Amino acid sequence: MKRFAIIGGSGLDQLNALEITGRRPVMTPWGAPSAPLCEGLFKGAPVIFLPRHGEEHSLPPHRINYRANIAALRDAGVTDIIAVTAVGGIGADSGPGVLVVPDQIIDYTYGREHTFFDGMGATVDHVDFTLPYSASLRKLLVGSAALVGHAIVDGGVYGATQGPRLESAAEIARMARDGCTLVGMTGMPEAALAREAGLDYATLSLVVNWGAGIGGGEVVSIEEIMQCLRDGMGRVLEVVGAALSAGLSPQAQA
Ligand code: HPA
């Protein structure tokens, strides 16, 4: 039986449409997650919601306890995580307002607690990460976007940067040469930890600005980012809602 969780990012610190049935503060061997686990019904489907940056958006990307977040969800019986991320666009098909379900990751972060195999007694397991996102969950998200009539880019390379500052134009140019089509600050180590925990994990990214220096070198406007978040989050939630219903349907569970 599948049990879904949504990890909310910037612009999704509260899931207003969630009919809350329980709000549980939890603790893990890795510390406390970003917020209590919020259980409830989203568009009729049972789900657990966890805001990655905390309920008041107070945790910067490098201070998020990714291990506690993933461990808490796993311990709550979650099998599948839909991670919502706001990102910058680098690829020509990934401009502001576009929804993307990336299929690859490059990790540029540093100094983050990034593994559960950390000398705490567990035998080290070098998990396969060839395909960093769950193929079945990606397919569910892409199919759900089609169901609700929203255009979506199927595939992309998420470059995870350290933040909290945005990138320089040269950094974005280098990421483009590396093959990145998106840039965000929270995709790693979240995806790798979900893999280590044996959970299905995929990201639904909303592009909220062009990466630094793209399209003429104008500075990235925080106002544009906020506007894109306001304009795009409704579509994100429609896709997520459709994915939960389809993913929990008797046919999907069979
Ligand atoms: N860079 C990194 N993270 C981001 C960006 C960006 O341009 N936009 C939204 N999240």
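Taking interchain pairs and intrachain pairs at least six residues apart, which have beta carbon atoms under 9 angstrom, with the first residue in segment 222-240 and closer than 16 Å to Ala145 by Cβ and free of Cβ contacts under 8 Å to residues at least 60 places away in the same chain and the second more than 12 Å from the ligand (Cβ to nearest atom) and open to solvent by 40 Å² or more (accessible area, probe 1.4 Å)? So the pair list comes out empty.
Considering (1) within 16 Å of the ligand (Cβ to nearest atom); (2) surrounded by 22 or more Cβ atoms within 10 Å (Cβ to Cβ), the lone condition that Pro96 does not fulfil carries the number (2). When we screen Glu167, Glu190, Glu196, Glu224 for residues that are at pLDDT below 95 and of a type in the set (D, E, K, R), the only hit is Glu224.
The condition (being among the small types (Gly, Ala, Ser) and in a loop (DSSP other than H, G, I, E, B)) is satisfied by just one residue among Gly159, Gly143, Gly187: Gly187.
Every residue, every condition in (1) closer than 27 Å to Arg3 by Cα; (2) within 16 Å of the ligand (Cβ to nearest atom); (3) open to solvent by less than 10 Å² (accessible area, probe 1.4 Å), yes or no:
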| position | (1), (2), (3) |
| --- | --- |
| Ser136 | yes, no, no |
| Ala145 | yes, no, yes |
| Met185 | yes, yes, no |
| Glu238 | yes, no, no |
| Ser245 | yes, no, no |
| Ser249 | yes, no, no |
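Among the residues making up segment 46-81, a single one is in a helix (DSSP H, G or I), of a type outside the set (A, V, I, L, M), open to solvent by less than 10 Å² (accessible area, probe 1.4 Å) and under 15 Å from Asp200 (Cα atoms): Asn69. Scanning segment 190-219 for residues that are in a helix (DSSP H, G or I) and either surrounded by fewer than 24 Cβ atoms within 10 Å (Cβ to Cβ) or touching a strand residue (DSSP E or B) at 6+ places or on another chain (Cβ under 8 Å) (or both) turns up Glu190, Ala191, Ala192, Ala194, Arg195, Glu196.
The values are calculated or read from the model by the stated rules, or taken from the named source; none is laboratory data. Small disclaimer: the values here were computed from a predicted structure and weren't measured. Quick reminder, even Gly has a Cβ in these numbers, built from the backbone with ideal geometry, and neighbours come from all protein chains shown. Accessible surface is based on the protein model in full, side chains and every heavy atom, while ligands, DNA and RNA are left aside. Shrake-Rupley method; radii C 1.70, N 1.55, O 1.52, S 1.80 Å.
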